[in-house]
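Single-structure report; data block below.
Just so it is clear, none of the values below were taken in a lab; they were calculated from the coordinates. Given the structure is predicted, the values throughout are model-derived calculations rather than measurements. Note that we place each Cβ from the backbone using ideal geometry, even for glycine, and neighbour counts take in every protein chain shown.
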Amino acid sequence: MPVPRPDLLPGTPIDTIETPALIVDLDTFEANLRLMADYAKARGLRLRPHGKTHKCAEIGKRQMALGAVGLCCQKVSEAVALVEGGVTDVLVTNEVLAPSKLARLVGLSARARIGICVDSDLGLDRLIEAAEKATSPIDAYVELEVGGHRCGIVDIEDGVALATRIAAGRNLRFGGIHAYQGAAQHLRTPGERQAAIAFATERAAALAAALARAGIEVPVITGAGTGTFPNEAASGVYNEIQPGSYVFMDRDYADNTADPAAPRFSHSLFVLTSVMSRRADFAVIDAGLKAHSIDCGYPTVAARPDLTFSNPSDEHGILRAANGVLPGLGERLRLIPGHCDPTVNLYDWIVIVRGGRVADIWAIDARGALA
């Protein structure tokens, strides 16, 4: 059964929100959106933010209202949820082989511009078959392995062969090259990230040159995340960037040494939690493993660097204070999640707050959309 929308009216004080709850500080969130939109616009870059971060059509529409060309997502079910929520341009930055999923994706082409990545003949065979029923042409991108060691073609010649087939396919349009280096996003120093993206750029340029020799125009070379987008932007090769986490930021991104060329984004996403029990040397909060993801490590506590989170169980977390000053029983705190994407996926609703009060409530439309 879907979780009911929280019974909170605009203007309601934050202290009436039941915890744990996922909240977004609207002022900071809007500033993050503007920073990235302005950055891309000033450099003549297409901005296609990644919707897997927020899974929320309302956020996607706000990003597009500021100039984003569309959204990325990872799963067909995410694309369905976003399009049903009013997003009009979606690129699935992943491989999809199941004919049933491809049929659902192609079915969205009557309402939105749809793109997808391919890295195999089988994947393209099945896409060509599904696209027979497309209302509008499907954008097919050749996914290139650029150091992330996940999906993507390895041999440049294979990329040319796929692009040639795409260009000749009925109801298909060659979208370009997908060259995302996911493993580089959390390399801690700017130098490490720059070196990783230099390799990705070299690979993308090599495929683009081979396609040009074959007479195939490459309209878009896309990639980049919140950790590396200044490198792709400065490369002269990429003309589209796909950052996602910049809208929220998380503790893991805060652990990166900042790139001097990047705008400064701030934490806007928090898990609101309450102290439910106290001992002399620790406090127990109501945000455990089911309230936030710890795959990238534990959260930090906003405005309380002296507090350390530890020993989570399903419904409990433990806070200890370096200075001995523990929060009081019933006190509310904001946790900065270690990893925003899987944390968002644990919730059905985001409570939007501004100036100490509830401003709105947004549905996480693609929550649990894994297929």
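Computed 3J(HN,Hα) for the stretch 362-369, one whole-Hz value per residue from the Karplus formula 6.51 cos²θ - 1.76 cosθ + 1.60 where θ = phi - 60°, is 10, 6, 8, 4, 9, 4, x, 7, glycine and proline marked x. Annotation note: chymotrypsin sites (Phe, Trp or Tyr not before Pro) in the stretch 337-371 located in DSSP loop regions with a Cβ neighbour count of at most 16 within 10 Å are absent.
For the stretch 125-187, the alpha carbon positions stretch 42, 24, 17 Å along the principal axes, listed from largest to smallest. Loop-resident trypsin sites (Lys or Arg not before Pro) (DSSP state other than H, G, I, E or B) in the stretch 256-359 with no more than 14 further Cβ atoms inside 10 Å of their Cβ: R264, R279, K290. With bins 10 Å wide beginning at 0, the percent of Cα pairs of the chain falling in each bin runs 5, 23, 31, 23, 12, 5, 1, 0. What does the net charge come to around E58 if you take all other residues with beta carbon closer than 11 Å to its beta carbon, with K and R at +1 and D and E at -1? Residues close to E58 contribute a combined charge of +1. Each helix, a run of at least 4 DSSP H residues, gives -39500 (n - 2.57); summed and divided by the residues of the chain, these come to -8500 deg cm²/dmol at 222 nm.
Charged neighbours of K290, selected by a Cβ distance under 12 Å, balance to -3 (K, R count +1; D, E count -1). When only Cα pairs below 8 angstrom with a gap of at least 6 residues are kept, the stretch 250-318 shows a relative contact order of 28 percent.
Around the amide H of D360, modelled in the peptide plane, lie the amide H atoms of I352, all under 5 Å away and 5 or more residues distant in sequence or on another chain. Remark on the stretch 219-274: Rg and Dmax equal 13.4, 50 Å (Cα only).
Give the calculated FRET efficiency between A210 and E95 to the nearest 0.05, with a Förster radius of 30 Å applied to their Cβ-Cβ distance. Don't skip to the answer; put the middle values down first.
Details: r = 21 Å, r/R0 = 0.71.
E between A210 and E95, to the nearest 0.05, is 0.90.
Whole number please: convex hull volume per residue of the Cα set in the stretch 59-133, in Å³?
Values: hull volume 5.6 nm³, N = 75.
Taking only Cα atoms, the stretch 59-133 has a hull volume of 75 Å³ per residue.
With the convex hull of its Cα atoms as the shape, the stretch 192-313 has an orientation-averaged projected area of 10.1 nm².
Our summary gives the chain a relative contact order of 21 percent, counting only alpha carbon pairs under 8 angstrom and 6 or more residues apart. Would you mind counting up the charge near S235? Only other residues with Cβ under 15 Å from its Cβ, with Lys and Arg at +1 and Asp and Glu at -1. Within the 15 Å Cβ shell, the charges total 0.
I need the calculated FRET efficiency for the pair R34 and A168, taking r as the beta carbon distance and R₀ as 41 Å, to the nearest 0.05.
Details: r = 42 Å, r/R0 = 1.02.
My answer for the efficiency is 0.45.
Across the stretch 13-18, rounded Karplus estimates of 3J(HN,Hα) from the backbone phi angles (6.51 cos²θ - 1.76 cosθ + 1.60, θ = phi - 60°) give x, 4, 6, 8, 6, 6 Hz, Gly and Pro being marked x. Between L333, L122, L289, the GNM of the chain built on Cα springs shorter than 10 angstrom shows L122 fluctuating the most. Shown here: the stretch 259-306, whose C-alpha atoms stretch 46, 23, 17 Å along the first, second and third principal axes, sorted largest to smallest. The shape of the stretch 1-150 can be summarised by an equivalent ellipsoid whose semi-axes, obtained from the alpha carbon gyration tensor, come to 32, 20, 14 Å from longest to shortest. Measure nothing but the geometry: give the 0 to 90° angle between the long axis through the Cα atoms of 156-168 and the longest principal axis through the Cα atoms of the chain, rounded to 10°. The helix 156-168 is inclined about 80 degrees to the chain. Of G115, G182, G356, which has the largest mean-square fluctuation in a 10 Å C-alpha GNM of the chain? Per the Cα network of the chain with a 10 Å cutoff, G356 tops the list. Considering only S136, S100, S266, the mean-square fluctuation computed in a Gaussian network model of the chain, springs between alpha carbons under 10 angstrom, is largest for S100.
Once R0 is set to 45 Å, what does the formula 1/(1 + (r/R0)^6) return for the Cβ-Cβ distance between A359 and A195, expressed as a FRET efficiency to the nearest 0.05?
Values: r = 42 Å, r/R0 = 0.94.
FRET efficiency, A359 to A195: 0.60.
Size of the stretch 27-248 from its Cα atoms: along the principal axes, largest to smallest, the extents are 45, 38, 27 Å. The value of relative contact order for the stretch 27-248, using C-alpha pairs under 8 Å at least six residues apart, is 18 percent.
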